[in-house]
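Inspection log for the structure reproduced underneath, given as structure tokens.
The values are calculated or read from the model by the stated rules, or taken from the named source; none is laboratory data. None of the values given here were measured: they were computed from a predicted structure. Backbone-built Cβ (ideal geometry, glycine too); neighbour counts: all protein chains shown.
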Amino acid sequence: MVKPDLASIEVRSFVGGVYQEGTGGLIEKVSPIDGAQLPGIKACSIADVNSAVVCAQESFRSGLWRTQSTEERKKCLLKLADLMEQDKEYLAFLDTIETGRAYSNFLNDSIPKAIKTLRWFSECIDKLQGTCITPAQDRICLINSEPLGVVAAIIPWNDPLVVAVWKLAPALLMGNSLIMKPAEQSSYSLIRLGQLAINAGIPRGVLNILPGYGEIAGKALVTHPDIRGVFFTGSSSVGKQILSDAGMSNMKRVGLECGGKSAFIVTANCSDLSSAVKTLAKNMFYNQGQICSAPSRLLIDKQLESEFLVSLLEEIKLYEPCDPWAPETRVGAVCSETQFKSIQGFIRRAEQAGIKKITQDAPKMPHENGFYISPTIFVDVPLDAEIAQNEVFGPVLVVHSFKAVKEAIEIANNTKYGLAAAIWSDDLNEAMLCARALEAGTVHVNSYGEDDESAPFGGVKESGIGKDKSLLVFEEYANLKTTWIQLKNTH
């Protein structure tokens, strides 16, 4: 591909339909691919957030968007999807230089998925219906959904456009005005989205993009008394702080999709070990393990452990990091130096604790000054070890063996997280009983990573509250209003 000029990248906030410089200082950036200097982001201050909220409020109160028919809102978002498709190579470029993820991942998977999701939500909005209850001949009860008002979405750095669309689409289609804060590590593509929204016909002030630091711009959004909902994807520790801050401010609606430590269980009744190995390797080491639902714990029947690990060690060679720009690359770089050091810290402390590592680092990485980590596997890991209990958010897999399925379920549920899990077994009865016993928002049977817009995604326990995707999510961005009508008896 011909890479665009870096100087052409927009780095300012997008408020009221125009780009403007934030007053919160410069976020300096380097590419995780090779350490090259990237255009800095003009961060937003608390004052910038306050101004954006006023702008979003004005757009909401004007009714230019919320009083439009669902058909008109649908047309605008379908147009936005078309514009994203026309712009997908540039969007993929922006996300690649910031995150280090393989360009082919963004171009052929992530961005098409975001576009497809936007179209799916858009086609759903005019199919939603209210409810009418008639508890008596002279009484009618109408139940309908109304927009919350001005809402905020806080987006993570690992898959910016996909997660942004998960929140943007239902928020705007329900008639809300939205302020979106990208992660400071990956802001370029979402800043670009602002201009595409205007070109799609979305009124000025309805979608605003505020790049900046989470502890400043993010916190200001969460605590602002005129924000009626905040929807976040990120770590559990930050999610818990958001829940607390939101409650102390104005009890705004909160949706949290947080961390995970997902279990991949292979029972003695699994005959297709080859598929299990391939599925685990792909879903664990794709994007350097920087996926909230990554199956970072392998729970394997003791009888199968040796055979399975031999195959797995061979399979993960396909997921060694390579040049993110090469078309055949599956895995690129870790997103930032901070994340790189965090992952290396987990690995170092596990080795210092005497936990056995069965993998070796690649002898050479794609770029000397980039941030790359080879797939890493630890075996015989104590259940209370740091790497067994905490989300590493990197290419680090821990292995536990078990002798009975009941023991596997206990191990799987023995974390504070509950985002996803998998059970591999030819015995459907065994698999379904395990699926019901697993404390997870999504359970895969003889698979992993299955995904569709029609299925809700989200966790339990400290993996979050609320859901992304599916028809159910529209109600997350709306208030239910009950209207009673008393009829006069004229007979």
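In segment 461-490, which residues are within 15 Å of the chain's Cα centre (by Cα), over 19 Å from ARG119 (Cα atoms) and part of a loop (DSSP other than H, G, I, E, B)?
Selection gives GLY466 alone.
Given the residues GLU328, GLU351, which is the only one that is more than 18 Å from PRO32 (Cα to Cα), of a type in the set (D, E, K, R) and without any contact (Cβ under 8 Å) to a residue 40 or more places away in the chain? Show your work before the answer.
Working: GLU328 fails: without any contact (Cβ under 8 Å) to a residue 40 or more places away in the chain.
Of the residues listed, the single one that is more than 18 Å from PRO32 (Cα to Cα), of a type in the set (D, E, K, R) and without any contact (Cβ under 8 Å) to a residue 40 or more places away in the chain is GLU351.
Working only within segment 360-373, note down all residues that are surrounded by fewer than 22 Cβ atoms within 10 Å (Cβ to Cβ) and either over 29 Å from the mean Cα position of the chain (by Cα) or under 18 Å from ASN287 (Cβ atoms) (or both).
Of everything in segment 360-373, those that are surrounded by fewer than 22 Cβ atoms within 10 Å (Cβ to Cβ) and either over 29 Å from the mean Cα position of the chain (by Cα) or under 18 Å from ASN287 (Cβ atoms) (or both) turn out to be GLN360, ALA362, PRO363, LYS364, MET365, PRO366, HIS367, GLU368.
In the set SER122, SER110, which member is farther than 21 Å from SER187 by Cβ and of a type in the set (Gly, Ala, Ser)?
Working: SER110 fails: farther than 21 Å from SER187 by Cβ.
Just a single option satisfies the conditions, and that option is SER122.
Hey, can you tell me all the residues within segment 423-439 that are touching a helix residue (DSSP H, G or I) at 6+ places or on another chain (Cβ under 8 Å) and of a type outside the set (Asp, Glu)?
Hits for segment 423-439 are ILE423, TRP424, SER425, CYS434, ALA437, LEU438.
Using the structure shown, decide if GLU391 is without any contact (Cβ under 8 Å) to a residue 12 or more places away in the chain and either at positive phi or not assigned by TED's automatic domain parsing to the domain that holds SER187 (or both).
no
What number goes with the only condition from (1) in contact with a helix residue (DSSP H, G or I) (Cβ under 8 Å, 6 or more places away or on another chain); (2) at pLDDT 95 or above; (3) under 26 Å from GLN288 (Cβ atoms); (4) not charged (D, E, K, R) that VAL405 does not pass?
(3)
Let's see how each residue does on (1) part of a helix (DSSP H, G or I); (2) under 30 Å from SER104 (Cβ atoms):
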{"residue": "ALA152", "(1), (2)": "no, no"}
{"residue": "ALA164", "(1), (2)": "yes, yes"}
{"residue": "LEU172", "(1), (2)": "yes, yes"}
{"residue": "GLN195", "(1), (2)": "yes, yes"}
{"residue": "GLY201", "(1), (2)": "no, no"}
{"residue": "ARG204", "(1), (2)": "no, no"}
{"residue": "PRO211", "(1), (2)": "no, yes"}
{"residue": "GLU215", "(1), (2)": "yes, no"}
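Looking at GLY40, GLY25, which one is out of contact with any His (no Cβ under 6 Å at 6 or more places or on another chain) and on the phi > 0 side of the Ramachandran plot? Break it down into steps so the answer makes sense when it comes.
Details: GLY40 fails: on the phi > 0 side of the Ramachandran plot.
Going through GLY40, GLY25 in turn, just one is out of contact with any His (no Cβ under 6 Å at 6 or more places or on another chain) and on the phi > 0 side of the Ramachandran plot: GLY25.
Part of a helix (DSSP H, G or I) and either among the β-branched types (Val, Ile, Thr) or outside the structural domain of LEU309 (by TED's automatic domain parsing) (or both): which single residue out of ILE423, ILE377, ILE409, ILE373 fits that description?
ILE409
Could you tell me whether segment 445-453 includes any residue that is touching a Ser or Thr at 6+ places or on another chain (Cβ under 8 Å) and farther than 30 Å from ARG297 by Cα?
no
Take the residues in segment 88-142 that are at pLDDT below 95 and either within 22 Å of TRP166 (Cβ to Cβ) or outside the structural domain of ILE33 (by TED's automatic domain parsing) (or both); name whichever of them is surrounded by the fewest Cβ atoms within 10 Å (Cβ to Cβ).
Result: LYS127.
Name the residue that is surrounded by the most Cβ atoms within 10 Å (Cβ to Cβ), counting only residues in segment 427-456 that are part of a loop (DSSP other than H, G, I, E, B) and hydroxyl-bearing (Ser, Thr, Tyr).
TYR448
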